[in-house]
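Asker: Structure below; questions to follow.
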Amino acid sequence: MKFGTKTIHAGQKPDPTTGAIMTPIYQTSTYVQKSPGDHKGYEYSRTGNPTRKALEDNLAALENGKYGLCFGSGLAAVDCIIKLLQPGDEVISTNDLYGGTYRIFTKVFERLGIKFHFTGMNSIEQIESLVNSKTKMIWAETPTNPMLNIINIKELSKISSKNNLIFVVDNTFATPYLQRPLDLGADIVMHSLTKYMGGHSDVVMGAAICKDDKLAEQLYFLQNSCGGVPGPQDSFLILRGIKTLHVRMQRHCENGKAIAKFLEKHPKINNVYWPGLKNHPNHATAKSQMDDFGGMISFDLIGNKLEDAIKIVSNTHFFTLAESLGGVESLIGHPASMTHAAIPKVEREKTGVVDTLIRLSVGIEDVEDLIKDLQNALNKIS
Ligand SMILES: *Cc1c(COP(=O)(O)O)cnc(C)c1O
């Protein structure tokens, strides 16, 4: 089955009792047993629910995995994955990390005795120098937020398997439409389904997907023991969202490309960060592991005046000012004052998050309207 067919059909069969083509929302906490232990595969909805199961099987198919597990949010998925570890264990992680992931690592799990090393992941030597007998996991996010750096998944997987580590890739920004980390050697793929997978900015949910039977068994144990599972209504909405993932992503990529090219030529713009541009520092890696380059773009302004950036993000009409990403509607954000406000200026500027850095989540509207919108806002600054 090819990708677009999987988005619509994988994990889902017409309802055997009624013929309903859509997987029903099994809004139930428990399931009747004929005699103790004699049931139809479901006992209690924390452990398993048919609507959630359809979504979990669909996700496993899209990522070319074997097992999918869903959680009440992306961070609940992170929580479950890190609980594979013990106090004393160490994790090597991307330094350019989603803020919430950084927070749970440093503020929750460090307190419980797990140590995290944050590093840039373009130097294999640098990563290898951090591996010791306590290292148990590598955590990578690619493309990164908001600088759109690309990390070479295959290269990392070599270090990981050589040292017997668990290699996790947060695939939220790319989605399996653009990149399938399990095929490139990752052990677990993590998602915030809240973003592109759901695609309609109406649900918060997360997932972990893997191939290995033993790893899956441990994750299922934790999912059921810790209980951070999503409800059937939300599972239904994500399943429905995924049915158009391939057509949405195709348009996100087309619009992303047109807007990156527009920004690149604009006289008031300094750098444009989009992995599809030939001058992007990781363009070659992006080309080797991604099928296209997505709809996330960052850029900064000539002169680097904070008030210019504020003027732009306050003067767009279709690009609305909000956190989050990956929905059908275009969003604009200002990392220095929003998502990255807690990081000291000197620190954030080292990674490229300057005062005028602006991040776009390019939606699937008509691109002519989106370009006009940005042009109008850019006309407001001198
Ligand atoms: C949003 C996001 C998360 C967290 O997911 P939630 O669904 O908000 O809990 C994790 N990683 C990345 C890359 C994200 O964008």
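The values are calculated or read from the model by the stated rules, or taken from the named source; none is laboratory data. Treat the numbers as computed from the prediction; the structure is a model and nothing was measured. Ideal geometry is used to build each Cβ from the backbone, glycine not excepted, and the neighbour counts take in all protein chains shown. SASA here: full protein model, heavy atoms, side chains in, ligands and nucleic acids out. Shrake-Rupley method; radii C 1.70, N 1.55, O 1.52, S 1.80 Å.
Asker: Which semi-axis lengths, in whole Å and largest first, follow from the square roots of five times the eigenvalues of the Cα gyration tensor of segment 327-382? The partial results should precede the final answer.
Answerer: Details: eigenvalues 131, 41, 11 Å².
Those come to 26, 14, 8 Å.
Asker: Something else now. Taking 56 Å as R0, compute the FRET efficiency from the Cβ-Cβ separation of residue 307 and residue 1 and round it to 0.05.
Answerer: Numbers: r = 52 Å, r/R0 = 0.93.
With a Förster radius of 56 Å, E is 0.60.
Asker: Can you pull out the GluC sites (Glu not before Pro) in segment 47-140 that DSSP calls coil and that have at most 14 other Cβ atoms within 10 Å?
Answerer: Values: sites: 56, 63, 90, 110, 125, 128; in loops: 63, 110.
Those satisfying the criteria are 110.
Asker: For helix 153-162, what angle does its Cα long axis make with the longest principal axis of the chain, in degrees from 0 to 90 and rounded to 10?
Answerer: Relative to the chain, helix 153-162 is tipped by roughly 50 degrees.
Asker: With N set to the residue count of segment 101-260, report its C-alpha Rg divided by 2.2 N^0.38 Å to two decimal places.
Answerer: On the way: Rg = 16.8 Å, N = 160, 2.2 N^0.38 = 15.1 Å.
Scaled against compact globular proteins, the figure is 1.11.
Asker: Distance in nm between label sites at residue 133 and residue 163, each 7 Å beyond Cα in the beta-carbon direction?
Answerer: 1.5 nm
Asker: In the chain, carbon and sulfur make up what percent of the accessible area (probe 1.4 Å)?
Answerer: Working: 8900 of 16920 Å².
Using a 1.4 Å probe with all protein chains present, the chain comes out at 53 percent carbon and sulfur.
Asker: At a temperature of 25 °C and a viscosity of 0.890 mPa s, determine how fast segment 136-184 diffuses translationally according to Stokes-Einstein, using the Kirkwood radius over alpha-carbon pairs as Rh; express D in µm²/s, rounded to the nearest whole number.
Answerer: On the way: Rh = 11.1 Å.
The Stokes-Einstein estimate is 221 µm²/s.
Asker: Quick one: net charge around residue 361, please, counting Lys, Arg +1 and Asp, Glu -1 for every other residue with C-beta under 11 Å from its C-beta. Walk me through the numbers on the way to the answer.
Answerer: Numbers: positive: 195, 359; negative: 323, 329.
That works out to 0.
Asker: Within 12 Å, Cβ to Cβ, of residue 153, how many net charges do the neighbouring residues add up to if Lys/Arg are +1 and Asp/Glu are -1? Intermediate values should be presented prior to the final figure.
Answerer: Numbers: positive: 154, 158, 180; negative: 141, 155, 170, 183, 187.
Summing Lys/Arg as +1 and Asp/Glu as -1 gives -2.
Asker: Follow-up question, since we're still on this one. Taking Rh as the Kirkwood radius, which is the inverse of the mean 1/r over Cα pairs, what is the Rg/Rh value for the chain?
Answerer: Checking Rg against Rh, the ratio lands at 0.98.
Asker: Two decimals is fine: what's Rg over Rh for segment 235-359, C-alpha atoms, Kirkwood radius as Rh?
Answerer: On the way: Rg = 15.5 Å, Rh = 15.8 Å.
With Rh from the inverse mean 1/r over Cα pairs, Rg/Rh is 0.98.
Asker: Taking only protein heavy atoms into account and a 1.4 Å probe, give the accessible area per residue of the chain in Å².
Answerer: Values: 16920 Å² over 382 residues.
Value for the chain: 44 Å² per residue.
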